[in-house]
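Here's the structure we're looking at; comments come further down.
The values are calculated or read from the model by the stated rules, or taken from the named source; none is laboratory data. The structure presented is a predicted model; accordingly, all values stated were derived computationally and were not measured. No Cβ is skipped: glycine too gets one built from the backbone with ideal geometry, and neighbour counts run over all protein chains shown. Quick note on the areas: whole protein, heavy atoms, side chains included, nothing else; ligands and nucleic acids left out. Shrake-Rupley method; radii C 1.70, N 1.55, O 1.52, S 1.80 Å.
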Amino acid sequence: MAVKKTNKNNEVHDDSNSRRDFIKKSGLFTALALAPPSLVMASESKWDEKIASYLETVPLSIEINGTKHNLNIEPRTTLLDLLREQLQLTGTKKGCDHGQCGACTVHVNGERILSCLSLATMQQNAQVVTIEGLSKGKKLHPMQEAFIKNDGFQCGYCTPGQIMSGIACIKEGHANNRDEIKEYMSGNICRCGAYHNIVDAIMEVKEGGKLI
Amino acid sequence: MKNFQIIKALTSASAVTNLSKETDAKFIAGGTNLVDLMKKNVTAPDKLVDINTLDLKKIEFLSKKVSIGALAKNTQVAEDKVIKEKFPLLSLALAAGASQQIRNMASVGGNMLQRTRCPYFYNTDMPCNKRVPKSGCGAIGGSNRMHAVFGASESCIAVHPSDMCVALAALDATVFVEGPKGKRKIEFTDFHRLPGNTPEKDNVLDAKELITSVEIPENNFAKNSHYLKIRDRSSYAFALVSVAVGLDLKNNLINDVRLAMGGVAHKPWRLTEAEKFLKGKTVSETTFKQAADLAMKEAKGYGENNFKITLGTNAIIEALTIASSK
Amino acid sequence: MSKTSNINRVDGFAKVTGSATYSAEYKTPGVVYACLVGSTIAKGRIKTIDTKKAEWAPGVLAVITHLNVDKPVGYQKAKDKHNFGQPLQIFKDDSVLYYDQPIALVIADTFERMQYAASLIKADYLKEEHSTELKKAADKEKKVETEKGNDYHRGEQDGYKNAEVVLEAEYTIPTEVHNPMELANIIAKWDGNKPTVFTKSQGVEGTRKSIAGVFGVPIEDVSVNSEYLGGAFGMGLHTWPYEIAALIGSKKLNRPVKLVLHREQMFTNVGFRPYTIQKMGLGATKAGKLTGLTHEAVAMTSSYEDFMEGTVNMSRFIYDCANVSTRYRIVPLDTCTPIWMRGPGEATGSFALESAMDELAYKLNIDPIEFRKLNYAEKDLEQNKPWSSKYLLECYEGGMERIGWKNRKNEPGSVKEGDWLVGYGMGTGTFGCYRNPTSVKAKFLPDGNLVLQCSVNDMGPGTATMMTAIGADITGFPAENVIIEMGKSGLPKGPTQGGSATTSSVGSAVNDACKLLVEKAIKLASENAVFKNIPAADLELAEGMIVSKKNSSKSISLISLLSENKLEELAVENQSKGTEEAKKYSIYSFSVHFVKVLVNPNLGKIRLAHVVSCADIGTVINQKTSAGQMFGGAVGGIGMGLMEALEIDHRFGRPINNNFADYHVPVNADIEKQEVFFVNKKDPISNPMGTKGLGETALVGMAPAIANAVFNATGKRVRDLPITLDKIIETVKV
């Protein structure tokens, strides 16, 4: 059903007009060579937008936490918004959306990256691991256990990013001492100020020598 | 963000061809700067040409030089064993920039092309000649703590934000590019430009040209080099001032020297006069002080950034001191 | 030490697995996406607003502005516009009161389409001259017309002026912004006339009341869920215009609407610590006895709300001084209204007071801690009451030992480590202990669990963990058998989380409810055949069993007790509040932050080599979460001291650094070594557990500690925060 929009002068503006306008502007009108009656039908059943949506998307094949997804997405969709808004994987957090806080850190092909600055379409066939992919049911990853034990968080919002970063920090070989960990964890802001305990947690995992 | 088309380039030639057909198309590699600028509506291309499929990721050690592919990631270069051994200055500068996550994404070519962090450039409500030519410069007479003290103009006092580029400027690098008219090379110090009356142009790259690699000649600076970055917090912040130093020392004698600064100009700022002065001199505090004063002689502040003149002088001395005592 | 004094955070599993659900993450079928478009001017009126392009953009469902909004009924009820507690009424009319004030709400079917459509909205304005600079608006200075806004005098007014040694100095703190990692966000929906929100609120009940007021619906009809908050630090103490906007949009479309602010909007639309200028006047005898103290503050507020905080309050009671005067003034500016930010006014005030105390100590050539001890207040001279407990001296001692205070030299710049100048500094903090009426329901379930219910939030301090610990201690249940239900309406009414009052209020209520529940269980058990002839007084609850104290073979498990009585639950709901006895005392937490800095004066680089934060917070309920909170408060204070400042380009009235790249908050590498220390002695008066509150005092006093350490290292006194490197190196004239 079309939503009626009313402006100050109480002119009623029907949504279907805007869709028709959109379809004209988008060039689909000529491209699809629709006869006027079918256009009206298309408009009423919102086919125009559906066709437009289809043409504006690109296929994406991506593996997330071991599960293969075949999707159609808009090129402008970031990996972060794909995870959070389309796949309901909300463990990866949006803190700034501009690569300035690290809350959206995920692993792509084994390396930590910022999902907010990554266009999902550019991760064709990539293997993505998010915080949801670390634990197996109730069995936690050693870094998750260490964060709980060392109280490496308070509000918990930067935590998924810190944990993904912490694991990578060890794998990269940048966890040899507290100072090095501090430097290589500085791309993950924690406004609650749990830095001391985050370093403790990473040191503990590193020294524990468990496979991560 | 406006929706756009995205295509994958299979060869550098096809990438260039693809781009040249479009009025408003851009290459995308790591995307760490471009995606941000698109989110902020600072730029809104109709089409992106994804160049990540191109074979431009290699770091090759050739006789008397190293060639770094434009798509090599910042981390890959910073942590390359031979780069660390032979060109530690580059490695240090790269590691001082951004965060590990961003360095894992960002390419060498993209790092060179990153745009200024001037807040007036980023905020589309503000005047900025770089973003909208002839709209005015907000930073002059405004908030300019981060801004240039060298080579600025009445239309722009923005600085280039890269750390890597400061090292490349110091190390006499050469940029290789490919465009519709063919291939060419550009001296690194000529690659970025001063704002003049056309601050919208950051560099001398033609609109459709693609950076393919950077070459650095071998040098004798490996032992005594240093990258000093001064910023408002200990990590993950852009430079207020940075200094790249490479010294070729024989005992205490300065055989040769390279000096460049970041955070002070629209381009990485090579300190050629100070280099000339230092060459043949003996390492001493006085010599370093004289070199620093010489380097900062032409510096001009714009109010909030006046401190950069003292800071720059002190940073040059400090960087030279650290490099010479390694 | 109790068994629960070091338990892990009870929501730890949810938080480390990403399964903790924050407001905008609730799976909501049919949810659509909204955002706010902000004004590009700081003051004036909207002449025209072009929404056509946005309305016609793909996927757009509605664009709402002041021209087409269905105004909530509460807008008509507003009293005068300067009534505190009346936030900006979004889309009320064409007036623009600050930069980035929301002027349009755009709703579309996907996130990407909504974002794009919002970029198409353009407005023209009738600009008016704006005023955003406190220093240039002093002529608009006014008193806050409430009792709290009154000037305070004890003894001779401005008596410091007559002292043997006088110190006068002016201190400035810039606007700072809370910036929790989680963006302000909401999902709003309507079921007929009943609104439901999942939102970032520090007070479920307060948010219910605000929404009920704006939309003219009964409070009981408003559902609020804020189960997890990704930090807030005070910004969740208001119901903000964005929350109302989401409800307006949802009502119009009759669909759930999700609205998440951009990080940029977090700097302009949800409050901040106000820019404040403070004048201190201190007087002392040559021997170091304070004889007079005057503390004046001028702080910014918005043009439409009078905001004030306790900036000058600490000066009235923290030291033994006969002649004390305080004044507080506000200046309306064209910005959003400030809101308490962690430590609130006390953090601002302590920067001035504790810097001035340090300056005067140098003037007197007395060790700064000795100087404070000479002026130790044996009782609260403001209220003329005894302290309920005060272990401030233990904080001084504990910190001095840990930081290595003995290595400090009074002569600035006289200690070096390599090329680094070494400086030691300290600053005292304090915060009042409050206890708000709180209801808690405690219930034993047949599955052997204890459930504790309260609508209070846990924005990060570990409230749920504290409740678990107290509940487990009282009932003897293992912590893993305690289930907490909190952070949403429909539960027994809890307080707003703020002012360090949560443990005192909610912890006490848990304590009381659990005690009553145990009594109730024992009474019920005493009627059971197994305890024939045994009075209830001889029974006790231990490990889920009710046992006869005299004959342990006689017992019944709670599970059996419930099943034998065919009960689905055994429950007590009880409201707890402060006692009359407590009113006879002055109850405060105390903290002392110690800092050792290494300074390179040529580069202005300040390294935090060692930070020690000590506190007297009464009983420490949970060592782990309390330490975390203290570490975190200290980091917040470090941000305040060294880097945080919202820069405004006053020509435009627009912020310059409203993003995380340019507004610096501390990163991991900023603090090299950090320790915390609690005296951990029970307060006999405050509440049944003897706690006094931690969240605020964890930050108060850190900024002056850094400033004082920097002075000790360099001889450079920085009186305007933050202490950025340009203030350390000498600048040259151009």
Fill in: Pairwise label distance in nanometres, C:LYS409 with C:SER5, each label 7 Å out on the Cα-Cβ vector
4.2
Practice prompt. List, in the order given, every pair from B:LYS21/C:LYS258; B:LYS57/B:LYS134; C:LYS43/C:LYS258 whose Cα-Cα distance in the structure shown is over 32 Å.
Written response: B:LYS21/C:LYS258; B:LYS57/B:LYS134
Worksheet, complete the sentence: Using alpha carbon centers only, region B:54-83 is separated from region C:620-645 by a whole-angstrom value of 43
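Going from most exposed to least, what order do C:TRP240, C:TRP387, C:TRP340 have by accessible area with a 1.4 Å probe? Could the numbers behind the result be given before it?
Numbers: C:TRP240 10, C:TRP387 30, C:TRP340 85 Å².
Heavy-atom accessible area, descending, gives C:TRP340, C:TRP387, C:TRP240.
So if R0 is 51 Å, what FRET efficiency would A:ASN70 and C:GLU480 give, r being the distance between their Cβ atoms, rounded to the nearest 0.05?
The calculated FRET efficiency here is 0.75.
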Discussion item. I need the phi-derived Karplus couplings for region B:146-163: 6.51 cos²θ - 1.76 cosθ + 1.60, θ = phi - 60°, integer Hz, Gly and Pro marked x.
Written reply: 8, 8, 6, 10, 10, x, 7, 10, 5, 9, 6, 10, 6, 10, 7, x, 6, 8
Worksheet item: Got a sec? Charge dipole of chain C, +1 on Cβ for Lys and Arg, -1 for Asp and Glu; which of C:GLY404, C:ALA246, C:THR175 is way out at the positive end?
Response: C:ALA246
Worksheet item: Per-residue accessible area for C:ASP306 at 1.4 Å probe radius, Å² rounded to 10?
Response: 30
Fill in: Length released on extending from C:LYS71 to C:LEU567, taking residue separation times 0.36 nm less the Cα-Cα span
173.7 nm
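Report the C-B buried area as the accessible area lost on both sides summed, probe 1.4 Å, in Å² to the nearest 100.
Working: alone 29260 and 14550 Å², together 40940 Å².
Buried surface at the C/B interface: approximately 2900 Å².
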Worksheet item: In debye, nearest 20: dipole of chain C around its Cα centre with unit charges on the Cβ of K, R (+) and D, E (-)?
Response: 320
Worksheet item: When only C-alpha pairs under 8 Å and at least 6 residues apart count, what is the relative contact order of chain C, in percent?
Response: 16
Fill in: Difference of contour (0.36 nm per residue) and Cα-Cα distance, B:LYS297 to B:LYS281
3.8 nm
Worksheet item: For chain C, what % of the accessible area comes from carbon and sulfur atoms, probe 1.4 Å?
Response: 49
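So what is the 222 nm mean residue ellipticity for chain B from helices alone, if each DSSP H run of at least 4 adds -39500 (n - 2.57) and you divide by all residues, rounding to the nearest 500 deg cm²/dmol?
-8000 deg cm²/dmol
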Discussion item. Let's see if you can work this out: charge +1 on each Lys and Arg Cβ, -1 on each Asp and Glu Cβ, no other charges. What is the dipole magnitude of the protein assembly as shown about its Cα centre, in debye to the nearest 20?
Written reply: 1180
Worksheet entry | Under 5 Å, built H, 5+ apart or other chain: amide partners of B:SER225 | B:LEU247
Item to complete: Mind listing the long-range amide H neighbours of B:LYS8? Cut-off is under 5 Å, sequence gap 5 or more, other chains count too, H placed in the peptide plane at 1.01 Å from N.
Response: B:ASP50
Worksheet item: Say each of C:GLU543 and C:THR285 gets a label point 7 Å from the Cα, pointing the same way as Cα to Cβ; how far apart are those two points in nm?
Response: 6.3
Worksheet item: Tell me, what ³J(HN,Hα) does each residue in region C:97-111 have, in order and in whole Hz, if you take phi through Karplus 6.51 cos²θ - 1.76 cosθ + 1.60 with θ = phi - 60° and put x for Gly and Pro?
Response: 10, 6, 5, 6, 4, x, 10, 8, 10, 10, 10, 9, 7, 10, 4
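Find the percent of Cα-Cα distances in the protein assembly as shown that exceed 45 Å, and round it to a whole number. Show your work: numbers first, answer last.
Details: 322214 of 808356 pairs.
Result: 40 percent of Cα pairs exceed 45 Å.
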Worksheet item: What residues qualify as long-range amide H neighbours of A:HIS69, i.e. H under 5 Å apart, gap of 5 or more or another chain, H built at 1.01 Å from N?
Response: A:ILE62, A:GLU63, A:ILE64
Worksheet, complete the sentence: Rounded to the nearest 10 Å², the accessible area of C:TYR304 using a 1.4 Å probe with every protein chain kept is 20
Response to the item:
Mean Cβ-within-10 Å packing, highest first, puts peptides A:200-207, B:176-183, C:232-239 in the order C:232-239, A:200-207, B:176-183
Worksheet, complete the sentence: Phi-derived 3J(HN,Hα) across region C:622-629 with the Karplus relation (6.51, -1.76, 1.60, θ = phi - 60°), rounded Hz, x for Gly and Pro, is 9, 4, 5, 6, 5, 4, x, 5
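Decide, for chain C, between rounded, prolate and oblate: order the square roots of the alpha carbon gyration tensor eigenvalues as a ≥ b ≥ c, take rounded if a/c falls under 1.5, and otherwise choose prolate if a/b is larger than b/c, else oblate.
Numbers: a/c = 1.87, a/b = 1.07, b/c = 1.74.
Oblate, because a/c is 1.5 or more while a/b does not exceed b/c.
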Worksheet item: So how strong a dipole does region A:58-133 carry about its Cα centre when Lys and Arg Cβ are +1 and Asp and Glu Cβ are -1, to the nearest 20 debye?
Response: 80
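Starting from 0.36 nm per residue, how many nanometres of slack lie between C:ASN384 and C:SER95 once their C-alpha separation is accounted for?
Details: separation 289, 0.36 × 289 = 104.04 nm, distance 4.81 nm.
Gain in length upon complete extension: 99.2 nm.
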Practice prompt. Name the most mobile residue of B:LEU240, B:LEU253, B:LEU56, meaning the one with the largest mean-square fluctuation, in a Gaussian network model of chain B with Cα contacts below 10 Å.
Written response: B:LEU253
Discussion item. Could you tell me the calculated FRET efficiency between C:GLU672 and C:GLU220, based on Cβ-Cβ distance and R0 = 51 angstrom, to the nearest 0.05?
Written reply: 0.45
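How crowded by other chains is C:646-656, given as the mean number of beta carbons from other chains within 10 Å of each beta carbon? Display every interim value, and only then the final one.
On the way: counts 0, 5, 1, 9, 2, 6, 7, 0, 8, 3, 13.
Mean shielding count: 5.
What's the average, rounded to a whole number, of partner chain beta-carbon atoms within 10 Å of each residue's beta-carbon in B:122-134? Don't jump to the answer; show the numbers that get you there.
Working: counts 7, 9, 2, 8, 6, 2, 0, 0, 0, 0, 0, 0, 0.
Partner Cβ neighbours, averaged per residue: 3.
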Practice prompt. Using just the helices of chain C, give the 222 nm mean residue ellipticity in deg cm²/dmol: DSSP H runs with n ≥ 4 each add -39,500 (n - 2.57), and the total is spread over all residues, rounded to 500.
Written response: -7000 deg cm²/dmol
Worksheet item: How far is it, in nm, from the label point at C:LYS148 to the one at B:ASP24 when both lie 7 Å from their Cα along the line to the Cβ?
Response: 5.0
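Averaged across the residues of C:39-51, what count of C-beta atoms belonging to other chains lies within 10 Å of each residue's C-beta?
Working: counts 1, 4, 1, 0, 0, 0, 0, 0, 0, 0, 0, 0, 2.
Average neighbour count from other chains, rounded to a whole number: 1.
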Fill in: Across chain C: Cys residues that no other cysteine approaches within a C-beta distance under 4.7 Å
C:CYS35, C:CYS321, C:CYS336, C:CYS433, C:CYS454, C:CYS514
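Mind ranking C:593-600, C:374-381 by how tightly packed they are, going by the mean number of other C-beta atoms within 10 angstrom, highest first? Show your work: numbers first, answer last.
Numbers: C:593-600: 28.2, C:374-381: 16.1.
So the order, starting with the most tightly packed, is C:593-600, C:374-381.
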Item to complete: Provide B:GLU218, C:GLU543 ordered by accessible surface of protein heavy atoms (probe 1.4 Å), highest first.
Response: C:GLU543, B:GLU218
Response to the item:
Reported to the nearest 10 Å², B:MET296 has, with a 1.4 Å probe, an accessible area equal to 10
Item to complete: Measure up B:LYS223/C:LYS673; B:LYS300/C:LYS416; A:LYS93/C:LYS53; C:LYS409/C:LYS727; C:LYS406/C:LYS673; A:LYS138/C:LYS515 against 25 Å on the Cα-Cα distance and list the ones that go over.
Response: B:LYS223/C:LYS673; B:LYS300/C:LYS416; A:LYS93/C:LYS53; A:LYS138/C:LYS515
Worksheet entry | Nearest 10 degrees, 0 to 90: helix B:285-296 Cα axis against chain B principal axis | 30
